[in-house]
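In what follows, a single structure is set out as C-alpha cells and then discussed.
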Amino acid sequence: MGATLPGLLSALLLLLLPASLRVRDQLPASHRREAKDGIGGGLHPIVLIPGMSCPDLEARLTDAYRPLTPGCSRVERVGWFGLLTNRTWKLDAERAECFVDQMRLVYDPVLGDFRNLPGVETRVPYFGSAAGSGSKIPTHPEFCMGALRSALGTLGYREGETLFGAPYDPRYAPPIPGQTSPFYSRYFRQMARLIEDASERNNGRPAIVLGHSFGGAVALEFVRNAPLQWRDRFVRHLITVAPTWSGGYVRPLTAFLSGPVDLFFIPAAPQLAMRSMWRTFETAVATLPSPAVFGRRPLVITRNRNYSAYDIADLLVAVGSADAVRPFRERELPKMEYFEAPMVPLTYISGVGIPTAEQLIYRDDDFDRLPEVVYGDGDDTINIASVLAFEEKVGMQPGQKERFKSMKFAGVQHSALITDERALSAIMDEIAEANR
Ligand SMILES: *[C@@H]1O[C@H](CO)[C@@H](O)[C@H](O)[C@H]1NC(C)=O
Ligand SMILES: *[C@@H]1O[C@H](CO)[C@@H](O)[C@H](O)[C@H]1NC(C)=O
C-alpha cells in the first residue's frame, strides 16, 4: 500500500496548524469533530516509529562543504536531494564514497552533541506519515512497517486520520531526561504536537505509540522524556517491539569494530568505508552492551586482552576510535544506567530461540575482518540478557508492573517481529485491546 496523497496532505496540514487552532481539552464534546461513517470511528490514533534502516534522509550542500573525498564537491546537486532513500543501494562506488562523506557526523565538545559536517544540511522527510519510510533493501521489501500498516487497515485505521508515522534521523540516538539533543528536542516537540492533534481529531482519545527495534527505543525515550501529566493525558498505550534500548546488546560491537554489515545495504561501498562512517554516528555507541546488563562476562576476546561491558572505552581506543570515547562517556554511559519506567501501559515484545551473537573473537586482533562469533539466545540481534534486564529493571518497577506485559515469540527473528503472522496477530490483539 502506498501513501495516499490526501493522507500525506492532512498529516502535513496537521503540522502546519498554529497552536491556537489546536485547542484540546477545553473544547466541549459537542464541538469536537465526530468521526465520519465509522471510518476510524472510535479508534485511538496510533503513531508508528520504524526501525533504523527505514527512515529516509534528505540533504542540501552549501558552500561551506569541504568533502574529505575529492570529487564529491562537484556541486551538481543543487537544493535538497535524497541522501538516504530506497534508491541508495544502487549507488556506484564513486557515489557511495560521497554518500559516506555526507552522512558523517562530528562530535562538538562545546555543544556536547553530534552534528553534521559543516556545509551539509539534513532533514527527515514524511514526518507524520506512516507510509513514507519503507524498506531500503530490495531483497527484503517486507522490512519496516508495511505489513503492520496493512493489518491496521483491516482494523479500520486510516493514514492521516488515525494512523501516523514518526521517522527520525537514524544517526542520532534519543537522549534521556536531563540530556540535551538539538535533533531530538525538535523531534520530540513535533511528535507531541502530532499526538495532540491526532487526539483532538479523534474525540480527545489518547494515542497508541508503537516502535520497532531502534524505533522502539525512540518511542520509549519519547515517553520517558514527556511530562507525567502529558503521558497520562495523551498516551493510551506504548508498544515496544524488540526495542534496542540502552541496556544494549552485543551486535553493535561488531558494527563498531568491523563495520555495519546489514544496516545500510550499499553493495558498492567498501565495508571499511561504511565502518568509518558508522563510527561517527551517535547510534554506533548508543546501544553498546551496558555493564548493568552484561556485567563482567568477556564480550570481545583478543589475543592479549578480553573486554567486558566495563571495558568499552578501552576497546574504542584499542580499535583507533579514541574520538568516540568522550561522547560515549558523556552521552551514552549515563543512559546505560537509566531504568526509569515509562509509567504508561506497556507491552514489550521480544523474539527468542534464535542464535544471537554473544561473544566476538578476534584471534589475530584484526578488527578489519569480521570476528568469529559465539552465539547465545535472543532474536538474532537482541540478546536474551537484555530482554530479561528490561523486564526486571523497567517492567517490574512499582507503578509500572501492574500495566506491563511481556510477550516472547520463540523462533521469530528481530525483523520478523512485525511481519510474522503469529507476532503480528498478537500485536493486533494488543492494539484492539487498547481500543476497548
Ligand atoms: C521508494 O520510496 C518512494 C517514496 O517513499 C515510494 O513512493 C516508492 O514506492 C518506493 N519504491 C520501492 C521500490 O519501494
Ligand atoms: C578471555 O576469555 C576466554 C574465554 O572466556 C578465556 O579462555 C581466556 O583465558 C581469557 N583471556 C584472558 C587474557 O583473560
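Entry for the range 329-403 at q = 0.11, 0.12, 0.27 Å⁻¹: log10 I(q)/I(0) = -0.43, -0.50, -1.11, Debye formula applied to identical alpha-carbon scatterers, no solvent contribution. Determine the sum of side-chain charges near Y338: Lys and Arg each +1, Asp and Glu each -1, restricted to other residues whose C-beta is under 11 angstrom from that of Y338. It works out to a net charge of -1. Near Q359, the amide H atoms lying under 5 Å from its own belong to V374; only residues 5 or more places off or on other chains count, and H is placed 1.01 Å from N. Taken about its Cα centre, the chain carries a charge dipole of about 840 debye when Lys and Arg each add +1 at the Cβ and Asp and Glu each add -1 at the Cβ. Per-residue Karplus couplings for the range 194-208, computed as 6.51 cos²θ - 1.76 cosθ + 1.60 with θ equal to phi - 60°, are listed in order as 4, 6, 4, 5, 4, 5, 4, 6, 10, 6, x, 5, x, 9, 9 Hz, Gly and Pro entered as x.
The phi torsions of the range 345-350, fed into the Karplus equation with coefficients 6.51, -1.76 and 1.60 and a -60° offset, translate into couplings of x, 10, 10, 10, 10, 9 Hz, rounded to whole numbers, with Gly and Pro shown as x. Residues of the range 271-315 falling in the label zone of I361, defined by backbone nitrogen less than 18 Å from a point 7 Å along Cα to beta-carbon, are 297-308. Less than 5 angstrom separates the built amide H of T381 from those of H414, all sequence-distant by 5 or more or on a different chain.
What is the local net charge at S135, summed over the other residues whose Cβ is closer than 13 Å to its Cβ (Lys, Arg +1; Asp, Glu -1)? Let's see the in-between values first.
Details: positive: R87, K136, R149; negative: D56, E142, D262.
Result for the local shell: 0.
Of the three principal axes defined by the Cα atoms of the range 307-362, the extents in descending order read 43, 30, 15 Å. If you take the Cα centroid of the range 204-222 and the Cα centroid of the range 409-433, the two points sit 16 Å apart. Only helices enter the 222 nm calculation for the chain: every DSSP H run of n ≥ 4 contributes -39,500 (n - 2.57), and dividing by all residues gives -8000 deg cm²/dmol, rounded to 500. Shape class for the range 226-369: prolate, because the ratio a/c of the largest to smallest gyration tensor axis (alpha-carbon atoms, square roots of eigenvalues) is 1.5 or more and a/b beats b/c. Projecting the Cα atoms of F294, G215, N306 onto the charge dipole of the chain (Cβ charges, centred on the Cα centre) puts G215 farthest toward the positive pole.
Take the Cα radius of gyration of the range 298-436 and divide it by 2.2 N^0.38 Å, with N its residue count; two decimals is plenty. Mind dumping the intermediate values first?
Details: Rg = 18.4 Å, N = 139, 2.2 N^0.38 = 14.3 Å.
Compactness ratio reported: 1.28.
In a simple Cβ point-charge model (Lys, Arg +1; Asp, Glu -1; nothing else charged), the range 275-343 has a dipole of about 320 debye relative to its Cα centre.
Hey, how much of the P(r) for the range 154-256 falls beyond 16 Å, as a percent of Cα pairs? Don't skip to the end; give the middle numbers.
Details: 3142 of 5253 pairs.
Here the long-distance tail beyond 16 Å is 60 percent of all Cα pairs in the range 154-256.
Centroid-to-centroid, using Cα positions, the range 357-390 and the range 268-291 are 15 Å apart.
Were the residues from A147 through R297 laid out at 0.36 nm apart, the gain over their Cα-Cα distance would be 50.2 nm.
Among residues other than R123 with Cβ under 12 Å from its Cβ, the summed charge is -2 (Lys and Arg +1, Asp and Glu -1). Using R0 = 30 Å, the C-beta based FRET efficiency linking V352 and R189 works out to 0.25. Normalising the Debye intensity of the range 103-143 to I(0), with uniform scatterers on Cα atoms only, and taking log10 at q = 0.17, 0.18 Å⁻¹ returns -0.72, -0.75. Can you tell me what percent of all Cα-Cα pairs in the chain are more than 37 Å apart? It works out to 22 percent of all Cα pairs. Across the options A318, T381, T347, the greatest Cα extent toward the positive end of the charge dipole of the range 304-386 (unit charges at beta carbon of Lys, Arg, Asp, Glu) belongs to T347.
Projecting label points 7 angstrom from Cα along Cα→Cβ for D92 and D368 puts them 2.6 nm apart. Placing dummy labels 7 Å off each Cα toward the beta-carbon, the span from T154 to A322 is 5.8 nm. Restricting the calculation to alpha carbons of the range 215-295 gives Rg and Dmax of 16.0, 49 angstrom.
Taking a ≥ b ≥ c as the square roots of the eigenvalues of the Cα gyration tensor of the range 376-436, is the shape rounded (a/c under 1.5), prolate (a/b larger than b/c) or oblate? It would help to have the intermediate numbers written out before the result.
Numbers: a/c = 3.28, a/b = 1.04, b/c = 3.15.
Oblate is the answer for the range 376-436, as a/c is 1.5 or above yet b/c matches or exceeds a/b.
For M407 and V78, the difference between the fully extended length at 0.36 nm per residue and the C-alpha to C-alpha distance is 113.6 nm.
Between the beta carbons of D232 and M428, assuming R0 = 22 Å, the FRET efficiency works out to 0.30 to the nearest 0.05.
Placing a pseudo-label 7 Å from each Cα along the Cα-to-Cβ vector at R436 and N306 gives an inter-label distance of 4.9 nm.
Evaluated at q = 0.13 Å⁻¹, a Debye calculation over the C-alpha positions of the range 287-334 (equal weights, vacuum) places log10 I(q)/I(0) at -0.28.
Label the range 101-200 by shape, choosing from rounded, prolate and oblate, from the square roots a ≥ b ≥ c of the eigenvalues of the Cα gyration tensor; if a/c is under 1.5 it is rounded, and otherwise prolate applies when a/b is larger than b/c, oblate when it is not. In terms of gyration-tensor shape, oblate. Phi-derived couplings, Karplus 6.51 cos²θ - 1.76 cosθ + 1.60 at θ = phi - 60°, listed residue by residue for the range 232-246: 4, 7, 10, 10, 6, 7, 10, 10, 10, 9, 6, x, 8, 6, 7 Hz, with x used for Gly and Pro. For F114, the amide hydrogen comes within under 5 Å of the amide hydrogens of D108, counting only partners 5 or more places away or on other chains and with H modelled in the peptide plane.
Tell me the volume per residue, in Å³, of the convex hull enclosing the alpha carbons of the range 230-274.
Values: hull volume 5.8 nm³, N = 45.
Dividing the Cα hull volume of the range 230-274 by its residues yields 129 Å³.
Read-outs: derived from the displayed coordinates by stated rules, not from any lab. Because the structure is a prediction, the values reported are computed rather than measured. Note: ideal-geometry Cβ built from the backbone for every residue, glycine included; neighbour counts use all protein chains shown.
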